[in-house]
1. Within segment 143-193, can you find the residues that are open to solvent by 10 Å² or more (accessible area, probe 1.4 Å) and at positive phi?
2. Only residues in segment 36-53 that are under 18 Å from Ser67 (Cα atoms) count as the first member; pair them with residues that are of a type in the set (D, E, K, R) and modelled with pLDDT under 95, Cβ under 7 angstrom, at least 6 apart or cross-chain, and list the lot.
3. Counting only residues that are assigned to a loop (DSSP other than H, G, I, E, B), within 18 Å of Glu12 (Cα to Cα), of a type outside the set (Ser, Thr, Tyr) and at pLDDT below 95, how many does segment 211-249 have?
4. What number of residues within segment 56-107 satisfy the criterion of being assigned to a loop (DSSP other than H, G, I, E, B), of a type outside the set (S, T, N, Q) and touching a helix residue (DSSP H, G or I) at 6+ places or on another chain (Cβ under 9 Å)?
5. Within segment 132-153, does at least one residue satisfy the condition of being out of contact with any Asp or Glu (no Cβ under 9 Å at 6 or more places or on another chain), of a type in the set (Gly, Ala, Ser) and assigned to a helix (DSSP H, G or I)?
6. Which of the residues that make up segment 104-128 are crowded, with 20+ Cβ neighbours inside 10 Å and touching a residue at least 60 places away in the same chain (Cβ under 8 Å)?
7. Of (1) surrounded by fewer than 19 Cβ atoms within 10 Å (Cβ to Cβ); (2) under 15 Å from Ala171 (Cα atoms); (3) in contact (Cβ under 8 Å) with a residue 12 or more places away in the chain, Gly74 satisfies all except one. Which?
8. Right, Val42: in contact with a Gly (Cβ under 8 Å, 6 or more places away or on another chain), in a loop (DSSP other than H, G, I, E, B), farther than 28 Å from Ile274 by Cβ and among the β-branched types (Val, Ile, Thr) or not?
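The values are calculated or read from the model by the stated rules, or taken from the named source; none is laboratory data. Keep in mind it's a predicted model, so treat the numbers as computed, not measured. FYI the Cβ positions are ideal-geometry reconstructions off the backbone, even for glycines, and counts take in every protein chain you see. Accessible surface is based on the protein model in full, side chains and every heavy atom, while ligands, DNA and RNA are left aside. Shrake-Rupley method; radii C 1.70, N 1.55, O 1.52, S 1.80 Å.
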Amino acid sequence: MGELPAKVSIREVGPRDGLQNEDPVPTGAKIRLLDALSGTGVGRIEAVSFVHPKAIPQMADADEVWSGATPVDGVRYSALVPNSRGAQRALAAGFTEVEVVVSASDTHNRRNVNRSTAESLDDIAGLITLLHDAGATAEVIVATSFGCPYEGDVDPARVAGIVDRVVADGADRVAFGDTTGMGTPRRVRELVTAVRDRQPDVPMLLHFHNTRGTALANLLAALELGVTEFDASVGGLGGCPYAPGASGNVATEEVVHMLHDMGVDTGIDLDRLIEVAAYAEEIVGRQLPSGVLRAGPRTRLG
């Protein structure tokens, strides 16, 4: 095993990516979840997405959720947007970190936003300019980076080409989504290497789903390559409404448990996070996939 980073940054995506795949949760419960996560020590939270309510009804109350939340100093909050209208709403709400998504797979992109990957990239170029003109940063998330439920394998060179395009258009950061959990350590190594060979300086974040039980193995492979930024979702909430078979994101508490035991700092209080995971399970009304949540007595790690 190679030398691991001393510290990593985890972005908690449960309030957005997690809840968008559940039955609609009351606004007040969303606010309590967001505020509780803000008190765990997590440094970044994806709070809401500004999408049309007909597309994602679970996010119809994004403005109310954000206006009711209590941001904590030192925590960076971001919002996901699909288009210029969503970006304008995010900016009006006060967000300075905004994410946009494009799929590496044309088929998934059409199912998601009804346009080709190339058409989305043209739109994203304009979004980046809009965000920068307003003093906000733009992160481009490349979905289906490790494989597509409709097209199968995705060539890492295709993903690297998308990164070339968005970096040329001014993207501040890139992220890679394992939308249906097709990722393996081999695919992680190939993708990270392909992107870094062409764009060695662009900040990157990886987003793993645990559909096939490989999320933690993938995260470890990325750590060994020096990647230090990851998404995770409290309790393992989440999925993708436009990807058949997409189960939950990797559970934040499972990631923190593993990293702390390996001597990698996250800044997160694991016991407090597990309490929030129990609350997340309560508000969605079903058992979540997190193993740490039901592991019984534990020792504080790290």
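1. Selection gives Gly152, Gly170.
2. Qualifying pairs under 7 Å: Glu46/Asp17.
3. 5
4. 12
5. The answer is no, given that none of the residues of segment 132-153 is out of contact with any Asp or Glu (no Cβ under 9 Å at 6 or more places or on another chain), of a type in the set (Gly, Ala, Ser) and assigned to a helix (DSSP H, G or I).
6. Within segment 104-128, His108, Asn112 meet the criteria.
7. For Gly74, the exception is condition (2).
8. Considered against the rule, which asks whether it is in contact with a Gly (Cβ under 8 Å, 6 or more places away or on another chain), in a loop (DSSP other than H, G, I, E, B), farther than 28 Å from Ile274 by Cβ and among the β-branched types (Val, Ile, Thr), Val42 comes out as no.
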